[in-house]
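All remarks here apply to the structure that follows.
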Amino acid sequence: MTFNSNQILRGYLFVFLFLICSTKIFGQTGIPYLKNYTSKEYDAAAQNWSIVQDHRGVIYIGNNFGILEYDGTNWNLIPVNNESLVRSLSIDKNGIIYIGAQDEFGFLLPDSAGSLNYHSLIHHIDSSYNSLGDIWQTHVLENNVYFQSSDYIFKWDGAKIKSWRSETSFHILFNVNNQLFIRQKGIGLMHLTGDELQLIKNGERFADNAIYTMLQYNEASILMGTRDEGLLLLETDEKKNQFTINKFPNQIEELLTQNIIYNGTQISTNEYAFGTINGGMIVMDKEGKFLYQVDKNSGLQDNTAWAICNDKEKGVWLALNNGISRIETSSPLSVYNNTNGLEGTVEAISGHDNKLYAATHLGVYYLEQDKDRTSYLNPTFQKIESINEQCWHLLPLHLKEYHSILVANNNGIYEIQNETSKLILPCNPTYLYQSKSDSTRVFIGLLDGIASIKFQNNKWIKEGNLGELSDEIATITEDKNRNLWLGTYTNGVYKLPLQDVYDPLTIQYTHYDSSYGVPDGWVFTYNALNRIVFATTYGLYKQVTVDDIVNFQPDKSLGLKFTDGSRGIHRLLENDSKEVWMFTTSAQRTEIGYAERSDESLLNWISTPFLRMPKQFIQSIYTDKNNFTWIGGTEGLVMYNPNKNYNYETAYNALIRRVSLDKDSVIFSGTFHTNGVVSVKQPNAFIPKLPFKLNSIQFEYSAPSFNNENTNEFQYFLKGFDKNWSSWSKEHKKQYTNLSEADYEFYIKARNVYNHISKEAKYEFTILPPWYRTLWAYIAYFIFSIGFIYIILQLYFRKLRAENARLERIVDERTKEIRKQKDQIEKKNVDLGEAYKEIEEKNKDITDSINYAQKIQEAILPDHEFLTEILPEYFILFKPRDIVSGDFYWSAFKNPYSNWDNEEIIIAACDCTGHGVPGAFMSMIGKSLLDKIVLENKVLEPDKILNNLHDGVRFALKQEREDSSSRDGMDLALCKLNLKNRKVDYAAANRTLFIIAKEDQLPLIDGNSPEINEERKVSGNGKVVVEVKSNKFSIGGYQKEDTRLFTNHEIKLQKGDSIYLFSDGYPDQFGGPKDKKYSTR
């Protein structure tokens, strides 16, 4: 083919501009995360040829043993009819997968149990096609499916097959934006339009130039990959059906030639990937710039990539000659480890003179920018010779005319210039810091303090230790006031003021520990947020000074989650973009991320991208001039490219992949469908009704989210049985046993490595009741019950009739007997009537006698008129329960005895044992004895009156005799009142005296003022109830006569006081809202 001058000029201009734009590209692309699946893991042949993904997310791979199916948890092999290898796969809009194999092609169709099975289409072609050979390509185009071998192209329209036979030999059939192209060897590139194969304009150029990929480049161009001419652009004019071919300038031509291109695909809007026979996968951008290569040197298990396929999560699958691999090409994370020459745990990262340095436990490594772009191999770290011990920190130095990088190493401090190192100071360094106030001075954190060195006269001068510190220094930071802040691992933080005249020996330090609010554990110092930030075991802290008093408080500038004590901040970096990066630790997890800030306001905490990183301890974070952030730890280096926008919330499905019953009886094998159309949802035809004996069921499930799919977790819920969703677990099966009859719905959802939750999957099923709990059984039970009841009733009625007959005979006999008894009863009634009249007459006599006794008892009670004359303000409540009473009241006053003051009166309230007549007899004894003691014997003191009364009762009832069984007696309260002096003498047997008095004028009892509690206060009138206790023994009975004496109480009343005496009849009354005894409380 010839080119005109304009085409040549345009090509050279494009190449020239491309090279100018690419000279400053930094080749630090790293290797995306990848996972290798070995033949041992998927249990099939090593060699694989093609890959597709269905709309559910399940991956299908053409393997030498058949079709492999992978759902993120389990691998399954589906053989074709002739058990040949599978070369090609394609999928239509209904989810049907079409297969090209050896001498065989067809499709997968699920059966009634959801199991995918291969169905051949060979029987639709003429028998003359006795040898089809390998079906190298299978493509779905609208409603047609095309199968291509070296000799034929077959088109299946769903009912019949049309074929094209090659004149020489077909090479590869391409489907580009629903256009079919095929190269025919010795003829050229042809275009299938309608049912005709036509050679495109200038297509003969490819008669002997093999084409291995054709990809949509833009609306009018197709990117072609050839063996002899490299990458070309096929520009199309559909209206004129014309094609022009031009060279596509690129940086991977030599790589594709050396490694032999075999296929290609577009893996993103700006990236194209090419599979090779010898070099794995090579990736360029849309301008043809080399991005990276994934081969065995970078962790790929095999260099021969027979097919490339994108999945829904923007990952790339490779069908390899030995195994299967998946590469996370769209992730913003790329990895550097021992495959890139970087050995050991990374402790520190720094950039210096267009190089990236990493300090590890095995030495110092550097990654150099590819300046001339002549080499397109992946960046490889080089090791600095002579540094082989553990390294802890890196410090790039940029003085006026002197550049180097210092290394804190187990042997001391090394200086690196031009990749050559030398030991400048033997010591035990842990951290290096270049002074802000004097850039020629470097402070050195040591295992036992801090020292400094100074660059002067082109050499390093040792200045010695600063002060007398002995702690291991973890970090060093300088604030705006020329104070050094030193972080430690276990002993708080130190502040060292730098003097104008620098003398290490005279520097004094201030130690801040828990007494200043500094938490226990590590405290690391960092320059961030325009101040010194303290990263501690319990979160971020800041220094606060109020009235010259220094204290440390939680720093809430980045949110409460970093100050609530739940996590420690182990590493912190604020980069030039004002992003604050942190590595945090807690008892449950570690987390790395960054806080986006605008001015002083927190916008967002970004940690989701880094959930993909393997669990490790991060030792260093560094952001380079390209705004790539490098994260170092136990797993090497990870580079974060913020320019790659990845959707961490890509939708994916949780899938129910297998449902089985007792003894591993499978009722569902993983694929729902309706008339062959594959579905994620369960159609009604797949809802089983299970007999009760099969009431144990097991579900197996998966989630086709393939970014580190081993971390996928699941949560399930059986509606109708479970009360709540289960906790998250990596277990991918759940069994239920002994389910009762009911309708059930089993739900499953997944959570992937980015904590994004899948769409739920649902499986409905019904457990039927056992036969003895079915509707028909209940109907039979009902009929049987009715019949049983009928028989029982008939037997009962027969027995009842027989019993009635027997009873009638008995009734007749008894009637005769009753009549006889009636006569006898009537005679007895006459006798009883006469007896009743006699009893009634006697009862009337008795009642009349008691009524007369009442009059006698009332006559002996004090006269109310006399009482009223002496006591104008009094009342008596006397309500006997019976006609006569055992309770009585008594008084004595105005007698002519010379020793009795006319202003004195003795009153008593008495309660005799017994009620009615017995009590009345006791009251007569009591009244007589009191009259005798007071009126005749002139005993006037209350205590002595009671003592005499007690002796009199015992004598009257002969209780002093040893054989006496009488325990009768009485309780009483007795007072002698002096109305003139308002004086009361009081003695009592089991009867309390109550005084109603003013709260501010209390009576005196035995010369003392009584104590009043709140319960004795009468609400609202300022009065209180004063209680005067009695002796706790009665009058009469056996009362320990040798010690029994009644006590006399002298009471001085105040004007307006009231006193109350009563028997037990009053406090024993029931009443109130709770119907309880009044009592004396």
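The values are calculated or read from the model by the stated rules, or taken from the named source; none is laboratory data. As the structure is a prediction and not an experimental result, all values here were calculated from the model. A quick note on method: Cβ atoms are made from the backbone with ideal geometry, for glycine too, and the neighbour counts reach across all protein chains shown.
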Query raised in the report: Just to be sure, is residue 958 within 21 Å of residue 1030 (Cβ to Cβ) and not aliphatic (A, V, I, L, M)?
Result: no
**Report entry** Subset of the range 819-867 that is among the aromatic types (Phe, Trp, Tyr) and outside the structural domain of residue 926 (by TED's automatic domain parsing) - its residue that is farthest from residue 882 (Cα to Cα)
**Finding:** 836
Report summary line: Reported set for the range 91-115 where residues are surrounded by 20 or more Cβ atoms within 10 Å (Cβ to Cβ) and among the hydroxyl-bearing types (Ser, Thr, Tyr) is 98
Report summary line: When the range 690-730 is checked residue by residue, the ones that are modelled with pLDDT of 95 or more and among the charged types (D, E, K, R) are 700, 709, 713, 719, 722, 723, 730
Query raised in the report: Any residue in the range 621-631 that is within 29 Å of residue 56 (Cα to Cα) and surrounded by 15 or more Cβ atoms within 10 Å (Cβ to Cβ)?
Result: no
Query - Given (1) aliphatic (A, V, I, L, M); (2) touching a residue at least 60 places away in the same chain (Cβ under 8 Å); (3) surrounded by fewer than 17 Cβ atoms within 10 Å (Cβ to Cβ), index of the condition residue 1035 fails - result: (3)
Query raised in the report: Which one of these is modelled with pLDDT under 95, of a type in the set (Phe, Trp, Tyr) and in contact with a strand residue (DSSP E or B) (Cβ under 6 Å, 6 or more places away or on another chain): 502, 509?
Result: 509
Requested in this report: Restricting attention to strands (runs of 3 or more DSSP E) lying wholly within the range 267-366, give those where 1 or more residues are crowded, with 23+ Cβ neighbours inside 10 Å and of a type in the set (D, E, K, R).
Outcome: 323-327
Requested in this report: With the condition kept exactly as written, say whether any residue in the range 625-642 is part of a loop (DSSP other than H, G, I, E, B), at pLDDT below 90 and of a type in the set (S, T, N, Q).
Outcome: yes
**Report entry** residue 1022 being buried (at least 18 other Cβ atoms within 10 Å of the Cβ), modelled with pLDDT under 90 and assigned by TED's automatic domain parsing to the domain that holds residue 1006
**Finding:** no
Report summary line: Going through the range 714-754 in order, the residues found to be farther than 18 Å from residue 691 by Cβ, outside any strand (DSSP E or B) and of a type in the set (S, T, N, Q) are 724, 726, 727, 752
Report summary line: Reported set for the range 874-888 where residues are touching a residue at least 60 places away in the same chain (Cβ under 8 Å) and in a strand (DSSP E or B) is 887
Query - Scan of the range 543-572 for residues that are of a type in the set (Gly, Ala, Ser), loosely packed, with under 15 Cβ neighbours inside 10 Å and assigned to a strand (DSSP E or B), ordered by number - result: none
Requested in this report: Determine if the range 758-766 includes at least one residue that is free of Cβ contacts under 8 Å to residues at least 24 places away in the same chain and either in contact with a helix residue (DSSP H, G or I) (Cβ under 6 Å, 6 or more places away or on another chain) or not in a helix (DSSP H, G or I) (or both).
Outcome: no
Report task. Go through the range 149-207 and tell me which strands (runs of 3 or more DSSP E), entirely inside it, have 3 or more residues that are within 19 Å of residue 100 (Cβ to Cβ). Result -> 152-156, 161-165, 170-176, 179-184
Report summary line: Within the range 55-89, of all residues that are of a type in the set (D, E, K, R) and modelled with pLDDT of 95 or more, the one surrounded by the fewest Cβ atoms within 10 Å (Cβ to Cβ) is 56
Report task. Go through (1) touching a strand residue (DSSP E or B) at 6+ places or on another chain (Cβ under 8 Å); (2) over 20 Å from residue 408 (Cβ atoms); (3) free of Cβ contacts under 8 Å to residues at least 40 places away in the same chain; (4) not in a strand (DSSP E or B) and name the single condition residue 470 misses. Result -> (2)
